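J.: Below are the structure tokens for one structure; questions will follow.
The values are calculated or read from the model by the stated rules, or taken from the named source; none is laboratory data. Fair warning: this is a prediction, and the values are worked out from it, not measured in the lab. A quick note on method: Cβ atoms are made from the backbone with ideal geometry, for glycine too, and the neighbour counts reach across all protein chains shown. Areas reflect the complete protein model, heavy atoms only, side chains present, ligands, DNA and RNA absent. Shrake-Rupley method; radii C 1.70, N 1.55, O 1.52, S 1.80 Å.
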Amino acid sequence: MKSALNADNLPNRIRLLMKLRTSGVTDTRVLSAMESIPREMFVPEAFHDKAYEDTALPIDSGQTISQPSVVAWMSWALQVSDRMRVLEIGTGSGYQASILSRLARMVYTVERHKDLLRVAEERFKMLGLNNIMTHAGDGSKGWKTAAPFDRIIVTAAAHSVPATLLEQLAEGGIMVIPVGSDTEQILLRIEKTPQGIVQQHLMMVRFVPLVEGKLPK
Ligand code: SAH
């Protein structure tokens, strides 16, 4: 059996980072955050050998861990500093939240699948990431008691930008969110300026849908 932290995977991690760099990701804070988090810890054992390929992979509850290059671009687009509080919707494996925990002061992450959240929490503990707060619930409602947030990242596909999330974004804040159909979305970067909302299209992406309402059993 391969260990979750097989040292042989380190060269693969470095190789992936070099690939990201040549593809245009030049933000050194994002790259070193990604270098410090072993992605193989966040994927099912059957996919350990694919952990450092630039591809999304299946995780439990029919969900997916995002493609590393998408994690990199989203983290970069958010422009997170170490003084910021960040809200993530869609914890999934916990990989994106772990990257953000290296970049932000505090990460708040919401997941509707309790089972996924429990496993992600164990990973945060194993990695000693103690600035991540978790909540099982419908993330389209945000996290009212901890709002406003300097940054919001949605890692599930929305049909439109949830108004509640926009309300919970601080003035001057940035939100990155995939908006579109269940099969294809445009990644939006939304900035809340004193003059109003400024919206930028980043790239086409494919995320699992943001499911609103009741939680699964
Ligand atoms: N960020 C994750 C990948 C996200 S996959 C990672 O790094 O692994 C999208 C996740 O969003 C899934 O786990 C799905 O269960 C969750 N999700 C979908 N709709 C949601 C909602 N309304 N509230 C919270 N989580 C939601």
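J.: At 1.4 Å probe size, with every protein chain present, just tell me what the per residue accessible area of the chain comes to in Å².
T.: Spelled out: the 1.4 Å probe surface of the chain, per residue, equals 48 Å².
J.: Given H placed 1.01 Å from N in the peptide plane, which residues other than close sequence neighbours of residue 173 have an amide H under 5 Å from its amide H?
T.: Hits under the 5 Å cutoff: 192.
J.: Within the range 7-205, what percent of beta bridges assigned by DSSP are antiparallel, to the nearest 5?
T.: 50
J.: Can I ask one more? When the accessible area of the chain is split by element with a 1.4 Å probe, what percent falls to carbon and sulfur?
T.: Within the chain, the accessible surface is 53 percent carbon and sulfur.
J.: Once you list every other residue whose beta carbon is under 12 Å from the beta carbon of residue 213, what net charge do they have if Lys and Arg are +1 and Asp and Glu are -1? The partial results should precede the final answer.
T.: Working: positive: 112, 141, 214; negative: 138, 212.
Its environment carries a net charge of +1.
J.: Counting pairs of alpha carbon atoms under 8 Å apart in space and at least six apart in sequence, what relative contact order in percent does the range 7-205 give?
T.: Computed over the range 7-205, the figure is 15 percent.
J.: Quick one: Kirkwood hydrodynamic radius for the range 54-102, alpha-carbon pairs, angstrom, one decimal? Numbers along the way, then the final one.
T.: Values: mean 1/r = 0.0864 Å⁻¹.
About 11.6 Å for the range 54-102.
J.: Go ahead and set up a Gaussian network model of the chain, Cα springs under 10 Å, then flag whichever of 68, 148, 44 fluctuates most.
T.: 44
J.: Which one of 59, 99, 197 has the biggest mean-square fluctuation once the chain is modelled by GNM with Cα springs under 10 Å?
T.: Per the Cα network of the chain with a 10 Å cutoff, 197 tops the list.
J.: Further, regarding this structure: Pairs of alpha-carbon atoms within less than 8 angstrom and 6+ residues apart define the contacts here; what relative contact order does the range 1-98 have, in percent?
T.: The value is 27 percent.
J.: Subtracting the Cα-Cα distance from 0.36 nm times the residue separation, let me have the gained length for residue 125 to residue 105 in nm, one decimal.
T.: Working: separation 20, 0.36 × 20 = 7.20 nm, distance 1.67 nm.
Taking residue 125 through residue 105 to full extension adds about 5.5 nm, to one decimal.
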